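Below is one structure, written out as structure tokens; comments come after it.
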Amino acid sequence: MGVADSIGVECIITGIVHGVDLRDGTGLEFTVIDATGGIGLFSFADTDGYVVTEGDEVSIAGSINQFRGLTQINPYSIALNSSGNTINAPAVTTVLDESTESEIVLIDNATLVNPADWTTSTGNAGFAVDITDGTNVYEVWIDKEVSLYNEPAPTMPFALAGIGGQRDTSNVAPFTYGYRLVPRYNADLMIAT
């Protein structure tokens, strides 16, 4: 359960970059989405000098892998095909699971479960915070590489968009936990008025 069916497959994927580079310094970590869905890209090394820019169409040659449930492609090469392409609008959801992994989603009418968990500008790689829509609780990861990391906690109800992700508590199947939302930038947090 939750195990990718193509682990180890070498392929070429073409899609549009969504979000920002979540790697600090050397390496790459971002999401590409095409008409069939999204996939994460992860590399410990910079690849072909590619600089992550949302809206780029890229072709990635690599091998499919999985880390704590998140399906990823580990690139051998990245080719920039075009820039300035339209990115997907977030789809409203009330669940984070396999269907939202590497997709742009939005949780509406949310509040922080514990505002003290929003630890602006702290955490080596970022910080986790739980939000609720009054019915469900969702884990949110505010990555250090995202501008929202430096912003104060929202004090009013809000909508929050981002990329659906997963970081299961184990790196051994089945991968059924750790689904989370990863905002891309400040504009993903929309305060209700």
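Tabulated results
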quantity: Candidate set from region 5-46 (those that are closer than 24 Å to LEU106 by Cα and small (Gly, Ala, Ser)); member that is farthest from the chain's Cα centre (by Cα); calculated: ALA35
quantity: Number of the exception - SER59 against (1) small (Gly, Ala, Ser); (2) surrounded by fewer than 22 Cβ atoms within 10 Å (Cβ to Cβ); (3) within 18 Å of LYS144 (Cα to Cα); (4) touching a residue at least 12 places away in the same chain (Cβ under 8 Å); calculated: (3)
quantity: Breaking point among (1) of a type outside the set (Val, Ile, Thr); (2) open to solvent by 50 Å² or more (accessible area, probe 1.4 Å); (3) under 30 Å from ASN65 (Cβ atoms), for PRO152; calculated: (3)
quantity: Strands (runs of 3 or more DSSP E) lying entirely in region 70-166 (those with 1 or more residues that are out of contact with any Leu (no Cβ under 9 Å at 6 or more places or on another chain) and either at pLDDT 95 or above or under 24 Å from GLY25 (Cα atoms) (or both)); calculated: 70-82, 104-112, 126-132, 137-143
quantity: Close pairs from region 176-193: first in contact (Cβ under 8 Å) with a residue 12 or more places away in the chain and in a helix (DSSP H, G or I), partner open to solvent by 40 Å² or more (accessible area, probe 1.4 Å) and of a type in the set (Asp, Glu), Cβ under 8 Å, at least 6 apart; calculated: ASN186/GLU151
quantity: Candidates GLY84, GLY134, GLY123, filtered to the one that is out of contact with any Cys (no Cβ under 6 Å at 6 or more places or on another chain) and open to solvent by less than 50 Å² (accessible area, probe 1.4 Å); calculated: GLY123
quantity: Close pairs from region 78-96: first on the phi > 0 side of the Ramachandran plot, partner surrounded by 12 or more Cβ atoms within 10 Å (Cβ to Cβ) and at pLDDT 95 or above, Cβ under 6 Å, at least 6 apart; calculated: GLY84/GLY55
quantity: Single residue of region 98-118 satisfying the filter (touching a Phe, Trp or Tyr at 6+ places or on another chain (Cβ under 9 Å) and open to solvent by less than 50 Å² (accessible area, probe 1.4 Å)) that is nearest to GLY38 (Cα to Cα); calculated: GLU101
quantity: Qualifying positions in region 62-81 - open to solvent by 50 Å² or more (accessible area, probe 1.4 Å), within 29 Å of TYR179 (Cβ to Cβ) and among the hydrophobic types (A, V, I, L, M, F, W, C); calculated: PHE67
quantity: In region 119-133, the residues that are of a type in the set (S, T, N, Q), in contact (Cβ under 8 Å) with a residue 24 or more places away in the chain and in contact with a Phe, Trp or Tyr (Cβ under 7 Å, 6 or more places away or on another chain); calculated: SER121
quantity: Lone qualifier among ASP48, ASP24, ASP5 - being open to solvent by 60 Å² or more (accessible area, probe 1.4 Å) and in contact with a Ser or Thr (Cβ under 6 Å, 6 or more places away or on another chain); calculated: ASP48
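The values are calculated or read from the model by the stated rules, or taken from the named source; none is laboratory data. Bear in mind that the values here come from a model prediction, so they are computed numbers and not experimental data. FYI the Cβ positions are ideal-geometry reconstructions off the backbone, even for glycines, and counts take in every protein chain you see. We work out accessible area using only protein heavy atoms, side chains counted, and drop any ligands, DNA or RNA first. Shrake-Rupley method; radii C 1.70, N 1.55, O 1.52, S 1.80 Å.
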